[in-house]
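One structure below.
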Amino acid sequence: MAKSVEQIKAESHHLRGHLYEEVFESLEPGVSEESRQVIKFFGMYMQDDRDQRRARKEDGLDPAHTFMVRIAIPGGRLRADQYLAIEDLSDDIGRGDFRLTSRQAIQVHGIAKGKLSPLVSRLHKIGISTLAGCGDVERNIMTCPVPDGGGVRDQVRSVAESLSKTLKPRTGAYVELFVEGQRVYGIREEEPLYGDTYLPRKFKTGFAIEGDNCTDVFSDDIGIVAHADDQGDLENFTVIVGGGLGHSHGIPKTRAFLGQLLGRIRPENLEVVVKAIMTIQRDYGNREDRRYARMKYLVDNWGLDVFRTEVEARSEIRFAPPGGLGFQRAEDHLGWHPEQRYLGLFVPQGRVVGSVRQAISHIVRAISPELCVTPQQNLLLVGIDQAQKREAERIWQEHGLKRAEALLSIHRISIACVALPTCSLALAEAERAFPELMQRLESEWVRLGLGSESIVVRMTGCPNNCVRSEMAEIGFVGSSPGKYHIYLGGSPAGTRLAIKFRERVLFDELIPTIIPLLEWYAEERRPQQAFGDWAHNLGMHLLEQRMQKVRS
Ligand code: SRM
Ligand code: SF4
């Protein structure tokens, strides 16, 4: 019988397993199922090109395995030289492109097994890492990408970066294997936070700033909202627990959850509280069935009050009542912001490829800015002056790309997940189908006189919700090849789950299906009322009744 993931972790000697033999000694392009689980903790996913799968099978060939490598970048911030090194790596070792992710990380696809170690070594030299990009540990910690000259956003960024260091697994296996290229046998080491079997499942933490939920904190295992004092300095945090969006079609007990407000704490108590929460999940999270192993199920089973009591007991910190979050909308942070000296560039579907890649490369070489990946898969050029901004825009436009200010708001804020051909879990297209879908939607939006209004539209190839589609105002979620469920009524501030409106709609029918809704919204909306709020207020039942009238 195949080993469970729990067994694999327990027997792996802190993530060594058989990686040395399988990555460095074996000539196979891939690794065993067991090593596939272990190697994830180092931000590496074994994949194959699903476009080629059938043809290869028909030709009697095994899948052509390569690896996707996820570089964890806390808060998405990286230096120009680090960015350029990733660019070089994608040329030398990958396929010349890479992706900005919805959690502010960077993914490089198509890495041959033999190139994993050179890739990690080169990243290690410039101070970045793929460790804990995936696996049953704390993932890339998110925080608002905006710089604010030492204000609350910058203060929160340094808290996030330091928390990220504290929560990294302590195993030496990553450096030992992938930097030094050796396996040390019989090593005795400890994982003080994680223990020998790590967490039951992936674990996500995100920070937001009161008033701006650009990181979607309600979708994380732990969401942390910073409140500033009258001087604009960090005063305290509201802690949210138990969010998580992934679920499986047809398995009703799996579902998306919005995080719940645990309470408020002083910044100096954050680390102890986060560790208390993580160890509760470590000790009580479901290790029998990975489908129910995320902390959201534990919080739901226990109830928030019991959960809070246990956090208080472990941390010896008492929570004050949560602060007001004041979330009005989630900002995309694109365009030029002279006071904070940053320029946000729109990167379609986060794909750094073709003219986008060339333009960013020229800009980074010309003005050497700091960079920051946003939670909407875009890129900010940070700490630049007017002249550098002009130069960046000149290069951007020279490559045929539009300034963010010239794009419709609906276009700037909407995102899709990677999906086919690399994602092994995709049921339908997302990233590749999204431009066509958005073109159709945007032309209706403009026809109805809504061009200047914003609306958050997201698309995923399956219900794992990798771009948080079920929090969008309109979410398209792949159900099978060419078909999608339609979700409506998430809020523009990311404070509400959307509700399923239609099932298994063919791609070509998606926009025609929602056109009547867009028309009603255009006629009936109150000033400033977002589409998601309008749909939510009417409710799915009423919308359905109206749709039936239209049909009859
Ligand atoms: Fe995700 C699995 C891509 C953010 C929920 N996600 C995957 C995998 C690794 C597929 C796999 O397991 O084989 C995808 C790789 C595709 C590829 O070829 O690159 C993948 N997830 C992504 C990214 C790249 C989407 C993007 O287009 O930007 C995001 C990378 C995040 C990062 O940098 O760390 C990404 N994934 C998310 C988010 C959003 C978030 O975290 O804010 C979610 C929903 C929030 C949540 O976790 O509940 C998300 N991904 C999942 C799940 C469902 C987890 C669950 O609790 O059920 C899976 C499947 C799993 O873990 O079993 C998954
Ligand atoms: Fe893959 Fe599904 Fe995530 Fe899209 S949502 S990247 S299809 S796992």
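Laboratory data are not the source of any read-out in this text; all were calculated from the coordinates shown. Quick caveat, the model's predicted, so the values are computed rather than measured. Here the Cβ positions follow ideal geometry from the backbone for every residue, glycine too, while neighbour counts run over all protein chains shown.
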Can you compute the charge dipole magnitude of region 219-280 about its Cα centre, using +1 on each Lys and Arg Cβ and -1 on each Asp and Glu Cβ, nothing else charged? Give it in debye, rounded to the nearest 20.
540 debye
Within straight cross-link reach of LYS113, meaning Cα distance under 13 Å, which aspartates and glutamates are found once same-chain residues fewer than 8 apart are removed?
GLU21, GLU22, GLU25, GLU28, ASP48
With N set to the number of residues, divide the alpha-carbon radius of gyration of the chain by 2.2 N^0.38 Å and report two decimals.
0.95
Which of PHE327, GLY285, ILE317, positive extreme of dipole for region 266-334 (C-beta unit charges)
GLY285
Report the charge-dipole magnitude of the chain in Debye, nearest 20, computed about the Cα centre from +1 at each Lys and Arg Cβ and -1 at each Asp and Glu Cβ.
800 debye
Which of rounded, prolate, oblate describes region 119-257, given a ≥ b ≥ c as roots of the alpha-carbon gyration tensor eigenvalues and a/c under 1.5 marking rounded, otherwise prolate only if a/b is larger than b/c?
oblate
Orphan Cys of the chain, criterion: no other Cys C-beta under 4.7 Å:
CYS134, CYS144, CYS214, CYS372, CYS423, CYS462
Most exposed first, judged by fewest Cβ atoms within 10 angstrom, VAL152, VAL241 run VAL152, VAL241
Normalised Cα Rg of region 408-552, dividing by 2.2 N^0.38 Å with N its residue count, works out at 0.97
Positive end of the charge dipole of region 349-436 (Lys, Arg +1 and Asp, Glu -1 on Cβ, about the Cα centre): tell me which of VAL352, LEU401, LEU371 has its Cα farthest that way.
LEU401
For the chain, what's the relative contact order in percent, using C-alpha pairs closer than 8 Å and at least 6 residues apart?
12 percent
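What is the local net charge at VAL5, summed over the other residues whose Cβ is closer than 15 Å to its Cβ (Lys, Arg +1; Asp, Glu -1)? Intermediate results must be reported in sequence, preceding the final value.
Values: positive: LYS3, LYS9, ARG36, LYS40, ARG201, LYS202, ARG282, ARG287, ARG290, ARG291, ARG294; negative: GLU6, GLU11, GLU33, GLU34, ASP136, ASP196, GLU288, ASP289.
Here the count lands on +3.
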Once you charge only the Cβ atoms, +1 for Lys and Arg and -1 for Asp and Glu, what is the size of the charge dipole of region 476-552 about its Cα centre, to the nearest 20 debye?
180 debye
To make sure I understand the rule: partners must be lysines, Cα under 30 Å from the Cα of LYS500, and not fewer than 8 residues away in the same chain. Which ones qualify?
LYS202, LYS204, LYS253, LYS296, LYS483, LYS549
R0 of 30 Å, Cβ-Cβ distance SER121-ASP51: FRET efficiency to nearest 0.05:
0.45
With point charges of +1 on the Cβ of Lys and Arg and -1 on the Cβ of Asp and Glu, referenced to the Cα centre of region 114-189, which listed residue (HIS124, CYS134, VAL152) lies farthest in the positive direction of the dipole?
HIS124
Among the trypsin sites (Lys or Arg not before Pro) in region 171-207, which ones are in a DSSP loop with at most 14 other Cβ atoms within 10 Å of the Cβ? Mind listing them?
ARG188
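What is the fewest-to-most order of ARG468, ARG79 by other Cβ atoms lying within 10 Å of their Cβ?
ARG79, ARG468
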Please order CYS144, CYS134 by the number of other Cβ within 10 Å, starting at the fewest.
CYS134, CYS144
Label points 7 Å out from Cα along the Cβ direction at GLU25 and LYS500: separation in nm?
4.8 nm
Any idea how far the Cα center of region 190-249 sits from the one of region 418-442, in Å?
28 Å
Dividing the mean separation of Cα pairs under 8 Å (6+ apart) by the residue count of region 66-201 yields a relative contact order in percent of 27 percent
Of all DSSP beta bridges located in region 142-259, what percent are antiparallel, nearest 5?
60 percent
Report, in deg cm²/dmol and to the nearest 500, the calculated mean residue ellipticity at 222 nm for the chain, where each DSSP H run with n ≥ 4 adds -39500 (n - 2.57) and the sum is divided by the residue count.
-9500 deg cm²/dmol
Decide, for region 240-342, between rounded, prolate and oblate: order the square roots of the alpha carbon gyration tensor eigenvalues as a ≥ b ≥ c, take rounded if a/c falls under 1.5, and otherwise choose prolate if a/b is larger than b/c, else oblate.
oblate
